[in-house]
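Notes for the one structure printed next.
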Amino acid sequence: MPNIPIVDSHVHLYDPNVHRMTWLDGNALLNRRYDTRDFREHTRGVEVESLVFLEVAVDPAYGVLEAHWVDQLAQKDPIIGGIVAWAPIMDGERVRSYLQALKEVGPRVKGVRFLQQTVADPNFALQPSFVRGVQILPEYGFSFDICIYHYQLTATIELVKQCPGTMFVLDHMGKPDIKRNIRDPWMADIARLAALPNVSCKLSGVVTEADHRHWTYEDVRPYMERVLEVFPEDRVMYGGDWTVVLTAAPYLKWIETVDRVVEPLSDERKRKFWNTNARQFYRLG
């Protein structure tokens, strides 16, 4: 286990009885309330200093309500250091009214996310209105979390190039096809993305892209090592992807897997990976 306090850059908290989340229908494991009390129970034995909440694909009508709900949780439990909220980025200039509403939630809202992985068109992110929506995020002090599958990396690279003023972080390493052990062109694409100076990357919950029941350390290791190889040490961070990670592993098994991969790193680089980089990217103080 990490021997320093960690900042978990990717945590989901929610209550299906408060906000509609269609994707949870029929999911016996995840379709229940999960809050910081549950998180502490699942992370017992690990010193989590702070966490960043990531939106959980509530139905769009609940997007701003979700941000308010999490901000209220944070007022009671300061372990929640930052909020990444849902936003209809594809609305272009019209998204300004939504971003202003998020800004008014309070300073804990650090960034936004739109799940490109749910869109069939691999070039969806390159439509002009989506690009424009991403370009204006810095005006509101927001970063952008990229949540895609591996085959959407080419378009994502072009999106980032068109938005040099926006700070990006790639969730789940771009979701490579670990289950089928397909490494190309992901190996090359992830290096191309890493070469862009305004992109960071999360080693977050990628066991969900492997065989949920039978994955091994050797299945996931090459992909995580590739990220550590191509991203500068100041631009890669740890993420738990709790609760979604539970579909493939308990939290402690996931963090043990990551800890094993980063063991060869220097103490300074480990501190950046487990703590400092997430703090700096999400402006947690």
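The values are calculated or read from the model by the stated rules, or taken from the named source; none is laboratory data. Note that the structure is predicted; figures quoted are calculated from it, not measured. Every residue, glycine among them, receives a Cβ derived from its backbone with ideal geometry; neighbour counts consider all protein chains shown.
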Discussion item. Kindly evaluate S204 against the criterion of being in contact with a Gly (Cβ under 9 Å, 6 or more places away or on another chain), small (G, A, S) and within 21 Å of Q280 (Cβ to Cβ).
Written reply: yes
Discussion item. Can you tell me which of (1) free of Cβ contacts under 8 Å to residues at least 24 places away in the same chain; (2) exposed (fewer than 14 other Cβ atoms within 10 Å of the Cβ) is the one R32 doesn't meet?
Written reply: (2)
Worksheet entry | Pair list, Cβ under 7 Å, 6 or more apart: the stretch 174-201 residue without any contact (Cβ under 8 Å) to a residue 60 or more places away in the chain, other residue part of a helix (DSSP H, G or I) and among the hydroxyl-bearing types (S, T, Y) | P176/Y223; I178/Y223; D189/T154; L193/T156
Practice prompt. For the stretch 1-20, name all the residues that are part of a loop (DSSP other than H, G, I, E, B) and under 24 Å from K202 (Cα atoms).
Written response: M1, P2, N3, I4, P5, H12, L13
Worksheet item: If you take the residues of the stretch 113-130 that are of a type outside the set (S, T, Y) and touching a residue at least 40 places away in the same chain (Cβ under 8 Å), which of them is farthest from I80 (Cα to Cα)?
Response: F130
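Give the residue, chosen from M173, M167, M90, M187, that is at positive phi, modelled with pLDDT of 95 or more and touching a helix residue (DSSP H, G or I) at 6+ places or on another chain (Cβ under 9 Å).
Values: M167 fails: at positive phi; M90 fails: at positive phi; M187 fails: at positive phi.
Within the list M173, M167, M90, M187, the selection yields M173.
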Practice prompt. Look through the stretch 81-121, keep the residues that are in contact with a Phe, Trp or Tyr (Cβ under 6 Å, 6 or more places away or on another chain) and part of a strand (DSSP E or B), and return whichever of them is surrounded by the fewest Cβ atoms within 10 Å (Cβ to Cβ).
Written response: K110
Item to complete: Test G133 against the stated conditions and say whether it is under 23 Å from F53 (Cα atoms), surrounded by 16 or more Cβ atoms within 10 Å (Cβ to Cβ) and either among the hydrophobic types (A, V, I, L, M, F, W, C) or in contact (Cβ under 8 Å) with a residue 40 or more places away in the chain (or both).
Response: yes
Worksheet item: In the set V207, V169, which member is over 17 Å from V236 (Cβ atoms) and among the β-branched types (V, I, T)?
Response: V207
Fill in: Looking only at the stretch 165-186, and only at residues there that are among the hydrophobic types (A, V, I, L, M, F, W, C), over 16 Å from the mean Cα position of the chain (by Cα) and not in a helix (DSSP H, G or I), the one that is surrounded by the fewest Cβ atoms within 10 Å (Cβ to Cβ)
I182
